[in-house]
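Read-outs throughout are calculated quantities, based only on the coordinates presented, and are distinct from any laboratory measurement. It should be emphasised that the depicted structure is a prediction, and the values quoted were computed from it without experimental measurement. Here Cβ is always computed from backbone atoms with ideal geometry, including for glycine, and neighbour counts include all displayed protein chains.
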Amino acid sequence: MTFKNNKIECVFKCIAAHPYLVALFVCLLLTPFCFGAQSNIPGSSVLLGSFIFAAIILLWVYKLYTSQKLNKPVSLLLAAGLLILNVIVTKFFGTSESKALWIFVVSAVLLIIFQMLVRVNEDGIEKLNCFYLIAGSFLIKFFYVLITSCYTRQNDVHKFGGDIGHAGYIEYLLFNRQLPDFDVREVWQFYHPPLHHAISAAWINLLENYCGVDHNFARESLQMLTLFYSTACVIVIYKILRHFKFKGAALYIPLAVFAFHPAYILMSGSINNDMLSVLFILLAVLYTLKWKDNQSLKNILKIAIAVGLGMMTKLSAALVAPAIAFVFLVALIRGRKRIKGLIGQYAAFGAVCCPLGLWWGIRNYIKFKVPITYVPGLGLNSAQYIGDIPFWKRLTDFSPAQFESVFEQWASNGSYNEYNPTIAILKNSLFGESINESNFPEEILFIPRIFFWVATVLAVVSVILMIVYTVRKHSAFKWDTKTFFWIFYIIMMVNFYSFCYQYPHTCTQNFRYIMPTVMIGCVFIGTMLHSCSENSTHKASAIASKAVIALSTVFVLLSLITYFFICSNFE
């Protein structure tokens, strides 16, 4: 990648070489400026931000002067004018109640200006464009985090200072510095493996006890961790798409769909263990694809660590294991001449993955006879119980009344309990459990309604593409890779519908249980666009490609617009 500015080139080489570390560094750097909420932005952060902008202004004007693009009087006038503007903007920003909106708009403008000024050659244009997509998705997620409390649109978090839920679990580890020494079935949500909660407890301990951060600020800033996890997921998808050598629209479109998918925006502000679990699952997929092409011990250990840590975060991460086992089996059949080496690798995989993933369940079973796959139920008396509707009817009922609102319905809000799991995940994937008509002004309610139908069509199209490009041969997709994705997809969906059958409650029908399906759909969208680019002379392929690009682009734009309004305090 060759930039006109060598310093910018060095920066982008660093980002390309260490994207996860850079994303983590950015989240860590932003934490003391906001602690995960616009209400937590201290006056010192506003002042420091003003000084940073002043330094940038002076440096930019100095560069213009030394390059002889401006003479001395004009440079002085320009610098003085911009510094005065900086002071005025700082004053308004410091007194504004919508600091998050200011940060989003200014950051978006700076990103656009940067895009206009930076020029690269053909070798670097794709990486730079993908950087813009990832950065843009980070901005909307950061915007969402800033306006979303650690108690807003959460799942099973409850409250800090209590003794149940994910918040209680985190504080138990924080205060007691030990694992629960009781039957975890006795306390709501304590049955989960402890990795996410231990990291969160360590984060709060660092901020509160070593950095002197306020008690509430430290807990609110947990969202900066999940913001990083969500951003890292987008980087993983970029790497998966690049693994298949997708280029142009085949790279940009699926990356954009994933980067701006509402489920990952919502989960960037969630402080439970779902987002970290999904990150490890996606990493396991990436490393499995890499191992498939390069069957080294290093690569298989990466899979083992990803799956093991995923299960140490949430046991459902094990759903990716059967698909990985299929890849291992195919490699064993094909590699009969090096069977000893492969068996050795599989033994190393098991030696790392099994202890990491199963120690928590085994510990609880031995000490308290807790079933390893234990999941608590809500009971028949719950207000959201839907077990009185036969499961087959729930699956097959697509009556028009269920589509009168595109938001998930709850009897507790004066409506009915959403009962069809398919319709529920379509609604939930876009708006979660809590977003509804009250979050939008009446005059723009048409936007989420259009968004729902566009997203539904895109979801159907992605499933059709999965079927078509499983049957059709494709240079980037061999049969075993297709089967790998299909096994993972089917297991997730069967597990989801089985879960809905066993636990007939509206909250069970949550898209967060199948979030990795977005990745699979995006991969097949990329496959279709890549195939069409190879057969661009075929009129039907060109039309299909343009239709999918248009549909995906509208999806991304509507997602951005919808969440911009949600984040702009129209609640």
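Give me the Å³ per residue figure for the convex hull around the C-alpha atoms of segment 45-122.
Expressed per residue, the convex hull around the Cα atoms of segment 45-122 is 103 Å³.
Running Debye on the chain with equal point scatterers at the Cα sites and no solvent, what base-10 log of I(q)/I(0) appears at q = 0.12 Å⁻¹?
-1.35
Over segment 165-220, how many percent of alpha carbon pairs lie in each 10 Å bin up to the one with the longest distance?
Histogram of Cα-Cα distances, whole percents per bin: 26, 53, 19, 2.
In percent, what relative contact order does the chain have, based on Cα pairs under 8 Å that are 6 or more apart in sequence?
Computed over the chain, the figure is 16 percent.
How compact and how long is segment 273-371, expressed as Rg and Dmax of its alpha-carbon atoms in Å?
14.1, 46
Please turn the phi angles of segment 133-144 into ³J(HN,Hα) values with the Karplus equation 6.51 cos²θ - 1.76 cosθ + 1.60 (θ = phi - 60°), one per residue in order, whole Hz, x for glycine and proline.
Those phi angles translate into 5, 5, 5, x, 5, 4, 4, 5, 6, 5, 4, 5 Hz.
If you average the C-alpha positions of segment 460-500 and of segment 515-567 separately, how far apart do those two centres end up, in angstrom?
Centre-to-centre distance over Cα atoms comes out at 17 Å.
Starting from the exponent 0.38 and prefactor 2.2 Å, build the expected Rg for segment 18-79 from its residue count and divide its actual Cα Rg by it.
Taking the Cα Rg and dividing by 2.2 N^0.38 Å, one obtains 1.58.
Using a 7 Å offset from the Cα along the Cα-to-Cβ direction at both residue 351 and residue 378, what is the distance between the two label points in nm, to one decimal?
It works out to 4.6 nm between the two label points.
Mind listing the Cα extents of segment 400-523 along all three principal axes, in Å, largest one first?
50, 36, 22
If r is the Cβ-Cβ distance from residue 397 to residue 106 and R0 is 51 Å, what FRET efficiency results, to the nearest 0.05?
Approximately 0.60, to the nearest 0.05.
Find the eigenvalues of the gyration tensor of the Cα atoms of segment 470-527, then list the square roots of 5 times those eigenvalues as equivalent ellipsoid semi-axes, largest first, in whole angstrom.
28, 12, 7
Expressed as a whole number of Å, what is the distance separating the alpha-carbon centroids of segment 248-325 and segment 34-113?
Using only Cα atoms, the two centres lie 38 Å from each other.
Viscosity 0.692 mPa s, temperature 37 °C: Stokes-Einstein D of segment 61-192 from its Kirkwood Cα radius, in µm² per second?
164 µm²/s
For segment 523-533, what does the Karplus curve 6.51 cos²θ - 1.76 cosθ + 1.60, with θ = phi - 60°, yield as ³J(HN,Hα) per residue in whole Hz, taken in order and with x for Gly and Pro?
Per residue, the Karplus-derived 3J(HN,Hα) values read 4, 6, 5, x, 4, 5, 5, 5, 5, 5, 5 Hz.
Taking N as the number of residues in segment 299-444, what value does Rg over Cα atoms divided by 2.2 N^0.38 Å take?
1.53
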